[in-house]
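Chemist: Here it is, the structure, as structure tokens.
The values are calculated or read from the model by the stated rules, or taken from the named source; none is laboratory data. Since the structure is predicted, the reported quantities are computational estimates derived from the model, not experimental observations. Cβ sites come from the backbone with ideal geometry, for glycine too, and all protein chains shown count toward neighbours. Calculation scope for accessible area: heavy atoms of the full protein, side chains included, ligands and nucleic acids excluded. Shrake-Rupley method; radii C 1.70, N 1.55, O 1.52, S 1.80 Å.
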Amino acid sequence: ADALREATPETQKTAIRAAFKQALDAWQPQLEADRLRKTLQLLVHDADALIDVHCDAVACAHAFANKHQAATAEALAQCLDLDVLLLEDDLHIMAFDEAFAAPWWRLGEKLQVPLADTPFATTLELRGERDIDDATAARDAANLLRFLKYLGAVAGDAHLHERAPLATPLAGVARITAPQAGLLHFHVR
């Protein structure tokens, strides 16, 4: 803990990534699902950012990110002009973005060491399957490139959109079950 506390952010990051890699190499999964999880973690354990991109059957464009990374998540939402940003606590459900980023802040909390340069992780839901066309895909690609510029992974100006997203705790979202089939029309946005 003392070595991490006194280390530069780059030295912290290098030491933590080496420890994560060592732990992954030592892990001998028995189930196929765990072998796939290990493969994914080995592919990203040394990344600076993870963007897990999805396209649901029906959805508006939105992102999930941990509340520990709210500022970067808000920049993502601005770059992509998202209407909704869902901020979650440590859910312990181990979605890919959480499995990637949570070990960093858990390590910092356990050792009581502020980690200066933790990687960013998000799940990005790019609308529903019926809402995708060539123009939308091109706009999403340009906006993702803008976010990579914001992170410094790509050279250039990030230029965030002026409109801030609606950031809400994931705990405030719930599915509802309709008592019968029919049409739903909202009178209030």
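Chemist: Accessible area per residue for the chain in Å², computed with a 1.4 Å probe and the full protein assembly in place, what is it?
Modeler: On the way: 12080 Å² over 189 residues.
About 64 Å² of surface per residue is accessible.
Chemist: If you don't mind, another one. Could you point to the label whose value was computed as Cα extents along the principal axes in Å for the structure here, given [x] 76, 36, 28; [y] 59, 44, 31; [z] 57, 34, 33?
Modeler: [y]
Chemist: Work through the residues other than Thr118 whose Cβ is under 12 Å from its Cβ and net out their charges, Lys, Arg +1 and Asp, Glu -1.
Modeler: It works out to a net charge of 0.
Chemist: I would also like to ask the following. May I ask you to evaluate 6.51 cos²θ - 1.76 cosθ + 1.60, the Karplus curve with θ = phi - 60°, for each residue of the stretch 12-23 and list the ³J(HN,Hα) values in order in whole Hz, giving x for glycine and proline?
Modeler: So the J values, rounded to whole Hz, are 4, 4, 4, 5, 5, 4, 5, 5, 4, 5, 4, 5.
Chemist: Below 8 Å, C-alpha to C-alpha, sequence gap of six or more: please give me the relative contact order for the stretch 1-142 in percent. Intermediate results must be reported in sequence, preceding the final value.
Modeler: Numbers: 173 pairs, mean separation 48.1, N = 142.
Relative contact order comes out at 34 percent.
Chemist: Sticking with this one: Just to confirm a number: summing +1 for Lys and Arg and -1 for Asp and Glu over residues other than Glu129 whose beta-carbon lies under 15 angstrom from that of Glu129, what do you get?
Modeler: Values: positive: Arg127, Arg130; negative: Asp56, Glu125, Asp131, Asp133, Asp134, Asp140.
The answer is -4.
Chemist: Taking all protein chains in place and a 1.4 Å probe, what share, in percent, of the accessible surface of the chain do carbon and sulfur account for?
Modeler: On the way: 6840 of 12080 Å².
Ligands and nucleic acids excluded, carbon and sulfur reach 57 percent.
Chemist: Normalise the Cα radius of gyration of the stretch 1-57 by 2.2 N^0.38 Å (N = residues in it) and let me know the number. Write out the running numbers ahead of the final one.
Modeler: Values: Rg = 14.8 Å, N = 57, 2.2 N^0.38 = 10.2 Å.
Normalised by 2.2 N^0.38 Å, the Cα Rg of the stretch 1-57 equals 1.45.
Chemist: Give me a comma-separated list of calculated 3J(HN,Hα) values for the stretch 61-77, in order, Karplus coefficients 6.51, -1.76, 1.60 applied at θ = phi - 60°, integers in Hz, x for any Gly or Pro.
Modeler: Each residue of the stretch 61-77 in turn: 5, 7, 9, 10, 8, 7, 4, 4, 10, 4, 5, 5, 5, 5, 5, 4, 4 Hz.
Chemist: Below 19 Å, Cα to Cα, which lysines can Lys67 reach? Residues fewer than 8 away in the same chain don't count.
Modeler: Lys110
Chemist: Here's another thing I want to ask about it. Assign one of three labels to the stretch 85-154, namely rounded, prolate or oblate, based on the Cα gyration tensor with a ≥ b ≥ c the square roots of its eigenvalues; rounded applies when a/c is under 1.5, prolate when it is not and a/b is larger than b/c, and oblate otherwise.
Modeler: oblate
Chemist: Please list, or write none, the aspartates and glutamates whose alpha carbon is within less than 19 Å of the alpha carbon of Lys13, excluding same-chain residues fewer than 8 places away.
Modeler: Asp2, Asp25, Asp46, Asp48, Asp97, Glu98, Glu109, Asp117
Chemist: Let me ask something additional. Using modelled amide H (1.01 Å from N, peptide plane; none on Pro or chain starts), what sits under 5 Å from the amide H of Glu88, excluding residues fewer than 5 places away?
Modeler: Here Ala65, Asn66, Lys67, Leu170 satisfy the definition.
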